[in-house]
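Report on the following structure.
Just so you know, all these numbers are worked out from the coordinates, no wet-lab data involved. All values reported here derive from a predicted model rather than from experimental measurement. Note that we place each Cβ from the backbone using ideal geometry, even for glycine, and neighbour counts take in every protein chain shown.
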Amino acid sequence: MLKKSLLLLATAFAITSSQAQMLPCASDQMRKKLLAEHPELLQIEADLEKQIQEGMRKIDFTKAAKTTFVDQSNNESFWYDIPIVVHIIHDYNPFSTSTFNGDFIPDDFVFESVKDWNTVFAKQNGDTIDVIPPFKKWVGNPRIRLHLATKDPMGNPTKGITRRRSYLTYTGGDQAKYDGWSNTSYINLWFINKMSVDHSEAAAYAYKPSAVTFIPFYDGVISLAGYMNNGSKTMNHELGHVLNLSHVWGDNNQPNIACGDDNVDDTPPTKGHNTTGCTSASIYDTVCSINYFKLYTDSLGNMELVNYPDTNNSQNIMDYTYCDKMFTKGQSKRMHLALNSDIGGRNMLWDSSNLVATGALAPFPDLKPIPDFTVTNVTGTSMLTKNANFAFPGKDVKFTSFTMNDTVTAMKWYFNDAAVPASTSITGFTHQFTDPGWVKLTMTATGNHTGDSTKSFEKALFVTEATGTPASGYFQEFTPSSDRDKWPMFNYYNNEFKWELADVGAYDGNCLKYNGYDNRVTAFSGPINGTPRGDFDDFFTLPMDLTGFGSACNLNFFYSGASRSASTASINDSLYIDYTINKGTAWISLAKLGKGDIFNKGAVTTAYTPAGTWDWAPKTIALPAPAITNYTTFRFRYRPGVSANEVTSSGNNFYMDRIHFSPWPAEVSSINAGATSVTIVPNPTMGDAYVVVNDAANTTVQLSVSDITGKVVYTTSQAIRGTQARIVIPASATTAKGIYLVQTLTGHQVNTQKLVVY
Ligand SMILES: [Zn+2]
């Protein structure tokens, strides 16, 4: 009969809200992964559970059952004050406090969110009024107060918020846990834009205290920025895990399958409820909890039966419903016991000396603003188009302030170029630049009552040339005397994976290197932050005038690269080559090179450097007709992949040199490979040189000699008699000492060799 009356009430709890669905939590998945690496985790979990069970035995549950909706299960009145730090891992995507999209969460939103988490941890959340009658008296008060730290681990003043730009905001996971502070002094909470594919369905996850033995540097909560505070109590759920609570159906990520338990007596056994769980059917689901009771021995040694609700507690914060409203008294007690255990060191968090060291109870400091900004030169929102600090003359460039740490009341932006007017906009401004080269920006931000702070950014923006450089005869060799400074490189995320100039291993003297090799080994061996997965780094060519070649034009270069891994499946590095013919309004894909395209040297397990020219290979990419304009700019974007361990790079160092444009290809056609041999004698030479070409398939050889600047100094053609042609390069054609490039063309086969004249 009791059940009947409950069913009548049930309609009141039908879904009435359009609140975002709570995505599942990946905590159990991450525990499983850790367990696979460290089977001894089970013993530590058992040790902690034993401590907690001993603690639970001291509670008079028979008394607890008689109390009403007022207080905790025992008479404790102690409040747990706990220092926390919020780490915002972002890519300057503004955060909307209405849609919860973005990742650059404002300080004020953090402050409001922490207040809301604390409301739930103090049982002050108003929605407990909607807890169904059977559970009213089991609503617990966790008596936990979280405090954003006012002192960082070095003792410096802080608002308990750190910010770091990283591509890992798009592929969040343990690797995105930058800037972690000691987990026995602070609870770390990281917020990101998206989870990685490994747990793409998850909104958040956390590690329980037992896991912390192995991975103290990953301890804490990681969550989508959008779940910091969207009404779903995600943080209370995850912090429940931090304090050793399980999901109400047990330690797995499969709700709605089998009856399970969480070792908490006043959360009846349940299958748990998935994201659609906020229905009367789940709130009054009795399938696992019919006739649920427990027997206890009271302080006088008498057995007493506590008749717990015969329906499951799907309004529990540790279920997956999005009508979660409560922790139970048993859960609150278990959290307290976890806070008193040295397993995981949670007992140190609320220790009075730690509260002093972290400034948890101290007044919030006033800190000066820290100026910061982004540049966007087109209105794009994709990774390919935004945040490119590469601008074209006469095109709008938008500067947006991402100044942090304080409310800004005034701002000044000024540039090294006096022709560029200063701006006093607090939020940002748009400007067109004309002078080519690097632009230095200085920002002075004034805090609401903390004064000014000024910061300069030497390479805020690169403005390229206004006219195209004739491509005919142009070679980019990256030598100091070249115009390589007009080919800017960008390491957007300021890490070790980047383009850089190199003079070791170069094809001839200098070259470009993508630093793709790193020394990190495996996950869980240390706080390895910054897996290269998701990173990308660019360099740009000058705008080129390609019209001098007619309709046939190739982008040619030499390259040398190796993979880190021998397994083809785990080589995911790629080089994207794009071009623009309209000053960056659109970038069009020319080629995406991967695996064998860029790794001509196969697998090399140590940091790769080419040993000589023989380690280099030519590459030719024919340009489509639309790319052949008098103002075409190319972008080379390297995207490092990850090895099977998902941490270290799968690629090794990658080298490029001698980038040029030509009606001829740089590479030997694979169709005819081997059919021709070309020999230059003598080489080096002081006078004439002879080029001997053996080719049985063709009748004519065309020959072209260019100097190191790409200027063609000699051309001729000659018939092949029998299978051989012998062509002279007269000394009069190579009067300057140095290196010449000798190209022969027979049929479709081009051969390029160096001739040294001394
Ligand atoms: Zn969870």
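So what J values fall out for the stretch 700-706 if you push phi through Karplus, 6.51 cos²θ - 1.76 cosθ + 1.60 with θ = phi - 60°, rounded to Hz, Gly and Pro as x?
For the stretch 700-706, the Karplus curve yields 9, 10, 9, 10, 9, 10, 10 Hz.
Please work out the C-alpha center-to-center distance from the stretch 348-369 to the stretch 523-582 and express it in whole Å.
46
Which whole-percent values make up P(r) of the stretch 373-463 when all C-alpha to C-alpha distances are grouped in 10 Å steps starting at zero?
17, 50, 28, 6
Mind listing the Cα extents of the stretch 439-484 along all three principal axes, in Å, largest one first?
Principal axes ranked by extent give 60, 23, 9 Å for the Cα atoms.
Restricting the calculation to Cα positions, tell me the Rg (one decimal) and the Dmax (whole number) of the stretch 676-757 in Å.
11.9, 35
If you line up the Cα atoms of the chain on their principal axes, what length do they span on each, largest first, in Å?
114, 58, 48
From the phi of every residue in the stretch 691-697, what ³J(HN,Hα) in whole Hz does the Karplus formula 6.51 cos²θ - 1.76 cosθ + 1.60 yield, where θ is phi - 60° and glycine or proline is x?
Going residue by residue, I get 10, 9, 10, 10, 8, 8, 9 Hz, with x marking Gly and Pro.
Can you put Trp350, Trp138, Trp181 in order of Cβ neighbours within 10 angstrom, beginning with the fewest? Spell out each step's value before the answer.
Numbers: Trp350 19, Trp138 26, Trp181 22.
Result, fewest neighbours first: Trp350, Trp181, Trp138.
Can you give the convex hull volume per residue for the Cα atoms of the stretch 317-372, as a whole number of Å³? It would help to have the intermediate numbers written out before the result.
Values: hull volume 11.6 nm³, N = 56.
Once divided by residue count, the hull of the stretch 317-372 is 207 Å³.
For the Cα atoms of the chain, what angle does the longest principal axis make with the long axis of helix 329-339, in degrees from 0 to 90, nearest 10?
Once rounded, one gets 60 degrees.
Do the sum for the chain: with -39,500 (n - 2.57) for every DSSP H run of n ≥ 4, divided by all residues, what is the mean residue ellipticity at 222 nm, to the nearest 500 deg cm²/dmol? Intermediate values should be presented prior to the final figure.
On the way: 10 runs with 92 residues, N = 758.
Computed mean residue ellipticity for the chain: -3500 deg cm²/dmol.
Using only Cα atoms, tell me the angle between helix 107-121 and the longest principal axis of the chain; keep it within 0 to 90° and round to the nearest 10.
Taking the Cα atoms of the chain, the angle to 107-121 is about 30 degrees.
Can you give the Rg to Rh ratio for the stretch 493-596, taking only C-alpha atoms and Rh from Kirkwood?
Details: Rg = 17.0 Å, Rh = 16.8 Å.
Checking Rg against Rh, the ratio lands at 1.01.
Run the lone-cysteine check on the chain: no other Cys C-beta under 4.7 Å from the residue's C-beta.
Cys25, Cys511, Cys553
Between Asp351 and Ala736, what length comes free when the chain is fully extended (0.36 nm per residue of separation minus the Cα-Cα distance, one decimal in nm)?
130.7 nm
Can you pull the percent of Cα pairs in the stretch 242-336 with separation above 19 Å? Provide the component values of the computation, followed by the final result.
Values: 1716 of 4465 pairs.
Considering the stretch 242-336, 38 percent of its Cα-Cα pairs are separated by more than 19 Å.
Could you state the angle between the C-alpha long axis of helix 27-37 and the longest principal axis of the C-alpha atoms of the chain, as a value from 0 to 90 degrees rounded to the nearest 10?
Orientation of helix 27-37: about 70 degrees from the principal axis.
Would you mind putting 602-615, 543-556, 650-663 in packing order, based on average other-beta-carbon counts within 10 Å, highest first?
Descending mean neighbour count gives 650-663, 543-556, 602-615.
Report D for the stretch 556-616 in µm² per second (integer): Stokes-Einstein, Kirkwood Rh on Cα pairs, 20 °C, 1.002 mPa s. Write out the running numbers ahead of the final one.
On the way: Rh = 13.2 Å.
It diffuses with D of about 162 µm²/s by this estimate.
In whole Å, how far is the Cα centre of the stretch 199-236 from that of the stretch 132-152?
17
Two-decimal Rg/Rh of the stretch 469-662 from alpha-carbon positions, Kirkwood Rh? Write out the running numbers ahead of the final one.
Working: Rg = 16.8 Å, Rh = 17.1 Å.
Across the stretch 469-662, the Cα-based Rg/Rh ratio is 0.98.
Amide H of Asp372: which non-local residues (sequence gap of 5 or more, or other chain) have their own amide H closer than 5 Å, using H built in the peptide plane?
Excluding prolines and chain starts, which carry no amide H, the hits are Phe402, Thr403, Met404.
Provide the FRET efficiency to the nearest 0.05 for the Thr715-Thr430 pair, computing r from the beta carbons and using R0 = 60 Å.
Details: r = 50 Å, r/R0 = 0.83.
After rounding to 0.05, the efficiency reads 0.75.
Just to check I understand the Karplus step: with θ = phi - 60° and J = 6.51 cos²θ - 1.76 cosθ + 1.60, what whole-Hz values come out for the stretch 178-190, glycine and proline as x?
6, 6, x, 9, 2, 7, 9, 10, 9, 8, 8, 10, 9
Just how large is the dipole of the stretch 676-757 about the Cα centre, in debye to the nearest 20, putting +1 at every Lys and Arg Cβ and -1 at every Asp and Glu Cβ?
Values: 5 positive and 3 negative charges, 12 e Å.
With Lys and Arg at +1 and Asp and Glu at -1, about 60 debye.
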